[in-house]
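Every number here is computed from the coordinates shown, using simple stated rules; none is lab data. Remember, it's a predicted structure, so these values are computed and weren't measured experimentally. Cβ coordinates were reconstructed from backbone atoms using ideal geometry, including for glycine residues, and neighbour counts include every protein chain displayed.
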Amino acid sequence: MVRRFALAALLALFCAPVLKLTADQAVQPVFTVSFSAAARPEAVTGQVYVAISKVNDRQTPIRQAGPTGAPLFSVAVNELAPGTAVRFSPATKGHPVASLADLPAGEYWVQPFVNVYTRFPRADGHTVWLHMDQWEGQNWRTSQGNLYGDPVKVQVTPGALPPIRLVADKVIPPITPPADTPSVRRFRIQSDLLTAFWGHPIYLGATVLLPRDYDSHPDVKYPIVFQHGHFSTGAPGGFDRDEAFQKYWQADDTPRTIYVTVQHPSPYYDDSYAVDSENNGPYGEAILKELIPEIETRFRVIREPWARILTGGSTGGWIALALQVLYPDFYGGTFSLCPDGVDLRYHQIVNVYEDANAYWLERDWMKIERPNQRRPDGNIQSMMKDENWYELIVGDNSRSGGQWDIWEATYSPVGPDGYPQRLWDKKTGVINKTVAERWKKYDLREILESNWTTLGPKVAHKINVYIGDMDSYYLNMGVRHLDEFLKERAVDPPFTGEIVFEPMAPHCWGPRGADLHQRMVAHILKYAPAGADITRWR
């Protein structure tokens with residue numbers, strides 16, 4: 001499972017001729033970007049980007065941008081009319097090149113892009129502008145209605161250059177949803193609760209993998225597995241891409257269950273984290289009261305807690321654990337793989353309660369930079385500041401659609417401007433302790449430890465967590481704290497689930513496919529109440 005969701009392919013882009021530009025040794029390069037009325041006749045509120053790359057073969061410059069990728073520069077716009085030029089000067093902020101003034105002389109491919117925002121007049125009285133998901137998984141690079149132009153090759157030389165004019169004259173078309181099959185069914189519904197909160201239609205969805213011979217046994221009801229994670233319309237368990245799991249699912253002796261991938265993208269991210277939130281709205285309530293009843297009405301489900309199982313990896317691993325903890329009476333067990341920070345003393349590698357800065361550790365004579373991602377051998381792949389700085393270029397006010405911004409949109413209180421209050425200053429990394437305290441209500445280890453007297457009897461046997469001990473994003477450390485509490489301090493009742501650490505394994509280690517399904521079925525059979533039907537569906 002991929003933590004930072006994979007970017008879908010854009011349309012093939014055509015190459016333009018090289019533009020030879022002259023210079024007089026005085027001023028740095030300047031770009032202007034506009035969008036054509038033919039691509040979009042309406043004005044745009046959103047973000048305008050210029051991506052710059054040395055190559056344009058396998059991926060366009062926009063596709064190459066990232067925390068450690070090709071430079072990306074952005075300008076926020078409000079009611080920008082078609083044909084109106086947006087100026088990108090040396091004062092325009094970018095990442096990983098901070099300014100066009102720092103761009104070395106040379107030959108580059110440059111590409112314009114326009115990310116269109118939607119107005120949300122929320123029920124809390126705040127009006128905010130964010131990118132509306134088009135069922136692409138909150139991915140601005142592939143979202144229907146966003147605008148782009150073909151990459152242009154330019155020769156940048158030191159000194160004064162004529163403005164390099166770029167035009168976004170193409171629009172990304174709608175995404176064609178996958179077709180249903182006898183085994184896989186898809187649907188989505190408009191959520192009344194979320195629509196009322198956002199002041200705009202908001203949708204929830206599900207991709208349902210049915211057991212073999214489901215239609216041949218209309219009187220049989222089945223246990224259900226809810227798989228959470230980054231947005232996908234792919235079949236649960238990898239059924240539509242994993243031949244081994246497909247053979248397992250269709251085998252004679254495979255226990256029959258219903259397997260569901262839950263879709264709940266928000267205006268902030270490709271999934272909502274499935275909990276109620278000041279900024280995101282009542283996603284937890286909407287999933288529980290609207291989506292799951294719709295699933296259990298459309299399909300023959302055993303509507304009992306013991307027959308409802310949760311799973312997911314990374315973001316989905318956190319959701320799978322959080323829903324079991326927050327709704328202990330509704331679900332019968334969770335199988336959480338490589339979950340995001342379950343103890344916010346390790347929000348990846350940051351102690352949000354005690355650390356002064358998320359990016360640097362202060363020492364007497366130097367500042368030590370914090371890593372963000374590593375390989376199992378310890379080699380560092382990126383630093384904390386870089387992913388955060390990249391998100392800040394993609395969108396301010398937690399509007400990047402990125403990983404750090406969704407945590408703020410989920411855990412933080414609403415700020416005076418209607419956007420999430422920052423846990424830390426996005427540029428400097430200085431942590432706001434007042435906001436950190438407000439995050440505590442989403443600290444899963446803290447919730448369990450503070451409420452074990454009431455929660456313990458309901459979840460002590462339901463929690464199962466699997467993680468690599470060299471997790472790429474240091475998520476194993478939060479799980480270590482959870483493991484310590486559950487195995488050393490959780491009493492009356494004692495913890496009887498399992499937490500497994502795989503030595504030297506990266507993100508996102510854990511049981512998959514048939515192995516995971518067999519574990520979940522074994523759990524269902526073990527904890528089904530006396531008199532429950534554990535025969536016909538098998």
Self-check item: Rough spin-label spacing in nm, given labels placed 7 Å along Cα→Cβ, for A179 and D492
Solution: 6.2
Quiz item: For the chain, what is the mean residue ellipticity at 222 nm derived from helices alone (per DSSP H run of n ≥ 4: -39500 (n - 2.57); sum divided by total residues; nearest 500 deg cm²/dmol)?
Solution: -5500 deg cm²/dmol
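Quick check on the chain: of the DSSP beta bridges with both residues there, what percent are antiparallel, nearest 5%?
65
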Quiz item: Label-point separation (nm) for D213 and I368, each offset 7 Å from Cα along Cα-to-Cβ?
Solution: 6.1
Quiz item: Order of 208-221, 41-54 by packing, highest average Cβ count within 10 Å first?
Solution: 41-54, 208-221
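Quick check on the stretch 34-115: of the DSSP beta bridges with both residues there, what percent are antiparallel, nearest 5%?
The answer is about 95 percent antiparallel.
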Self-check item: Anisotropy class of the stretch 200-257 from Cα gyration tensor, a/c 1.5 cut
Solution: oblate
Quiz item: So for the stretch 18-171, what percent of the C-alpha to C-alpha distances run longer than 21 Å?
Solution: 45
Exercise. Filter the cross-link list K462/K487; K367/K427; K441/K462; K221/K526; K433/K462; K54/K426 down to pairs whose alpha-carbon distance in this structure exceeds 25 Å.
Key: K433/K462; K54/K426
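Based on the Cβ-Cβ distance from K93 to A37, what FRET efficiency comes out when R0 is 30 Å, to the nearest 0.05?
On the way: r = 28 Å, r/R0 = 0.94.
With a Förster radius of 30 Å, E is 0.60.
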Self-check item: With 5 Å bins from 0: P(r) over the stretch 348-441, alpha-carbon pairs, percent
Solution: 3, 13, 22, 25, 19, 11, 5, 1, 0
Self-check item: Ranked list, fewest to most other Cβ atoms within 10 Å of each Cβ, for T535, T454
Solution: T535, T454
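Can you tell me how much longer the chain between Q144 and R438 gets when fully stretched, taken as 0.36 nm per residue apart minus their C-alpha distance, in nm with one decimal?
In short, 102.3 nm is gained.
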Quiz prompt | Mean Cβ count within 10 Å, highest first, over the residues of peptides 296-309, 228-241 | solution = 228-241, 296-309
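Can you put E391, E446 in order, fewest other beta carbons within 10 Å first? Could you put the intermediate results ahead of the total?
On the way: E391 23, E446 20.
With the fewest neighbours first, E391, E446 line up as E446, E391.
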